[in-house]
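In what follows, a single structure is set out as structure tokens and then discussed.
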Amino acid sequence: MNLPTDLLRTFLAIADSHSFTRAAETVHRTQSAVSMQMRRLEEDVDRPLFHRSGRSVTLTADGETLLGYARRMLRLNDEAVAAIRRPEVSGVVRLGSPDDFVGRYLPGILARFARSYPGVRVEMICEPTAYLIGMLERGEVDLAINSRVTPGEGEQLLRREPTLWVGSARHFAHEQDPVPLALFQEGCFFRGWAFRALDQANRSYRVAFASPSISGIQAAVSAGLAVTLLAQSVVPPEWRVLGPAEGFPQTPSVSLVLARPPAPATEAVDSLAQYVVEGFRESQPEEQAVGF
């Protein structure tokens, strides 16, 4: 038995969107065609793959098993196609991202992209979201991974995750009054979120340390000089998570989005964008993936 890649691609679209209707838009088919494809796939594997509840769709246990294999199979398929066509694709792609997400997500994505597209040079620009928005508008970057409360118009959601107050588990900076903060410099969304949350909770604070890089923030917190606010995925496991019991209010979840200028993109830009989207989906547990 062979599993057709077109069926697997539709299957992934449904799993990521929890909807046959939205999946149909993604794969550019009618909803009835999508339903027929999934009936065929379920017949091929001889297992039910979906639980249907009204308009919402979730995966069965067998569907969850197939999901990981489907992602890997399609990635290899797309890499094989790209490898065959790679002499035709060349150029430079300027990719912007806030510093804190670069080390967490991009090494594997860029390594796979480089193997498939050796003729494309990727230039990384690490700046806060506020700066990247302007750079994108001026055409100074081709793609930008930005942090938002909710995605803006034309931005593709990559991942949603909580933001956490954290400090060193071996120190007690969180008990100081005013509480010392280690934050990114002006222009970072997290800085404003931290100030507003503490103001609303009537918690006094001071900025004890400011840095343009995640490594500087991590050094200050690890040394017990301050606490900080970060996305969950970049918090070191040995740090202490702080909540209302310690006087730290809840803050918004962050949406990581992929933004691009409205002008038509080159094939190199489109190809890297696809690798970024797929890489973020594969780098996280399924319950935190896009569409969940």
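The values are calculated or read from the model by the stated rules, or taken from the named source; none is laboratory data. On a predicted model such as this, the values are computed, not experimentally measured, just so you know. Cβ placement follows ideal geometry from the backbone for every residue including glycine, while neighbour counts extend to all protein chains displayed.
Summary of values
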read-out	value
Residue match in the stretch 123-142 (condition: without any contact (Cβ under 8 Å) to a residue 12 or more places away in the chain and within 25 Å of Ile217 (Cα to Cα))	yes
Candidates Arg115, Arg196, Arg191, Arg170, filtered to the one that is over 17 Å from the mean Cα position of the chain (by Cα), assigned to a loop (DSSP other than H, G, I, E, B) and either surrounded by fewer than 19 Cβ atoms within 10 Å (Cβ to Cβ) or not β-branched (Val, Ile, Thr) (or both)	Arg170
Residues of the stretch 140-167 satisfying the condition of being closer than 17 Å to Ala273 by Cα, assigned to a strand (DSSP E or B), aliphatic (A, V, I, L, M) and out of contact with any Phe, Trp or Tyr (no Cβ under 8 Å at 6 or more places or on another chain)	Leu143, Ala144, Leu157
Residue within the stretch 41-58 that is surrounded by 18 or more Cβ atoms within 10 Å (Cβ to Cβ), acidic (Asp, Glu) and either at pLDDT 95 or above or part of a helix (DSSP H, G or I) (or both) present	yes
Hey, Leu157 under 22 Å from the mean Cα position of the chain (by Cα) and closer than 18 Å to Asp270 by Cα or not	yes
Yes/no for Gln31 being surrounded by 13 or more Cβ atoms within 10 Å (Cβ to Cβ), touching a residue at least 24 places away in the same chain (Cβ under 8 Å) and either touching a Pro at 6+ places or on another chain (Cβ under 8 Å) or not aromatic (Phe, Trp, Tyr) (or both)	no
Single unsatisfied condition, Ala61 versus (1) outside the structural domain of Glu140 (by TED's automatic domain parsing); (2) closer than 24 Å to Ala268 by Cβ	(2)
Some residue of the stretch 85-98 being acidic (Asp, Glu) and either modelled with pLDDT under 85 or in the same structural domain as Ser215 (by TED's automatic domain parsing) (or both)	yes
The stretch 173-188, subset in contact with a strand residue (DSSP E or B) (Cβ under 7 Å, 6 or more places away or on another chain) and assigned to a loop (DSSP other than H, G, I, E, B), residue nearest to Pro244 (Cα to Cα)	Pro178
Members of the stretch 158-167 found to be closer than 21 Å to Asp16 by Cβ and either surrounded by fewer than 17 Cβ atoms within 10 Å (Cβ to Cβ) or of a type in the set (Val, Ile, Thr) (or both), listed by number	Glu161, Pro162
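Results for (1) in contact with a helix residue (DSSP H, G or I) (Cβ under 7 Å, 6 or more places away or on another chain); (2) more than 28 Å from Arg281 (Cα to Cα), shown as yes or no for each residue.
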{"position": "Ser147", "(1), (2)": "yes, no"}
{"position": "Gly167", "(1), (2)": "yes, yes"}
{"position": "Ala182", "(1), (2)": "yes, yes"}
{"position": "Trp193", "(1), (2)": "no, no"}
{"position": "Gln200", "(1), (2)": "no, yes"}
{"position": "Phe209", "(1), (2)": "yes, yes"}
